[in-house]
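**Q** Sending over a structure as structure tokens; questions will come in a sec.
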Ligand code: V4E
């Protein structure tokens, strides 16, 4: 699955405008626990390994020299694909992750209200550490579609007067607040855009 998403911070008027005519889809609370080695091996490769409730997920970002937008991610959700990407055998992923030295470094509980509007998915996320962010998202079949998808999201955001300046995602905001060394290491390595 390839997802293209843009994040926004909203005031109450913008939220009202954004949700006008949108269809409510679902509300769900997830607990995401992020894993990496002590020297951030995964983060430095733009790999984001998390246990979402009790299932492993791996988000694969673009490397810093890629022409593909840093807002485009491939997401793996089955243990075998994750194991292959991490170079693990894939017989017992949880145990193999532990043996390989990956440890939890951040835990975020997030409640999402998800809506559909104009063919876009709109996710309003509220995190337990007091950060709220909205993601507008499109799923695409191939990387060739990513520019068009980004343009479509941007055009929609502009049409309802959202502030289109880049904002931090949930994990990046968490790291900036509570894990400054980790955050700085990824900024210094050019893995994270300076926001
Ligand atoms: C993709 C990514 C990270 C993983 C966590 O991202 P987050 O926005 O917290 O949650 P998300 O959107 O994956 O949750 P879901 O929508 O699946 O529930 S941490 C960093 N990145 C990439 C990234 C980057 N390279 N540069 C900047 C400035 N931000 C994010």
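**Q** Out of the range 116-125, which residues are more than 12 Å from the ligand (Cβ to nearest atom) and at pLDDT 95 or above? Full working, then the answer.
**A** Taking the range 116-125 first, the residues more than 12 Å from the ligand (Cβ to nearest atom) are 116-120.
Answer for the range 116-125, where residues must be more than 12 Å from the ligand (Cβ to nearest atom) and at pLDDT 95 or above: 116, 117, 120.
**Q** Name every residue in the range 161-170 that is at pLDDT below 90 and surrounded by 13 or more Cβ atoms within 10 Å (Cβ to Cβ), in order of residue number.
**A** 166
Here is a yes/no grid of residues against (1) in contact with a helix residue (DSSP H, G or I) (Cβ under 8 Å, 6 or more places away or on another chain); (2) at pLDDT 95 or above:
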| site | (1), (2) |
| --- | --- |
| 75 | no, no |
| 79 | yes, yes |
| 88 | yes, yes |
| 93 | yes, yes |
| 96 | yes, yes |
| 102 | no, yes |
| 110 | yes, yes |
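**Q** How many residues are more than 9 Å from the ligand (Cβ to nearest atom), assigned to a loop (DSSP other than H, G, I, E, B) and loosely packed, with under 14 Cβ neighbours inside 10 Å when one looks only at the range 184-195?
**A** Going through the range 184-195 one residue at a time, the tally reaches 1.
**Q** Considering 173, 181, 145, which residue is at pLDDT 95 or above and away from the ligand (no atom under 12 Å from the Cβ)? Full working, then the answer.
**A** Values: 173 fails: away from the ligand (no atom under 12 Å from the Cβ); 145 fails: at pLDDT 95 or above.
Within the list 173, 181, 145, the selection yields 181.
**Q** Here is a list: 10, 86, 76. Which entry is surrounded by 14 or more Cβ atoms within 10 Å (Cβ to Cβ) and under 15 Å from the mean Cα position of the chain (by Cα)? Lay out the reasoning, then the answer.
**A** Values: 10 fails: under 15 Å from the mean Cα position of the chain (by Cα); 86 fails: under 15 Å from the mean Cα position of the chain (by Cα).
Of the residues listed, the single one that is surrounded by 14 or more Cβ atoms within 10 Å (Cβ to Cβ) and under 15 Å from the mean Cα position of the chain (by Cα) is 76.
**Q** On to the next question. Out of 144, 135, 173, report the one residue that is in a helix (DSSP H, G or I) and under 16 Å from the mean Cα position of the chain (by Cα).
**A** On the way: 144 fails: under 16 Å from the mean Cα position of the chain (by Cα); 135 fails: in a helix (DSSP H, G or I).
Exactly one residue qualifies, and that residue is 173.
**Q** Next question, about the same structure. Which residues, counting only those in the range 148-170, are near the ligand (Cβ under 8 Å from one of its atoms) and assigned to a loop (DSSP other than H, G, I, E, B)? It would help to see each step written out before you state the result.
**A** Narrowing the range 148-170 to residues near the ligand (Cβ under 8 Å from one of its atoms): 166, 168-170.
Those that are near the ligand (Cβ under 8 Å from one of its atoms) and assigned to a loop (DSSP other than H, G, I, E, B): 166, 168, 169.
The values are calculated or read from the model by the stated rules, or taken from the named source; none is laboratory data. What you see is a predicted model; the values in this text were computed from it and never measured. Here Cβ is always computed from backbone atoms with ideal geometry, including for glycine, and neighbour counts include all displayed protein chains.
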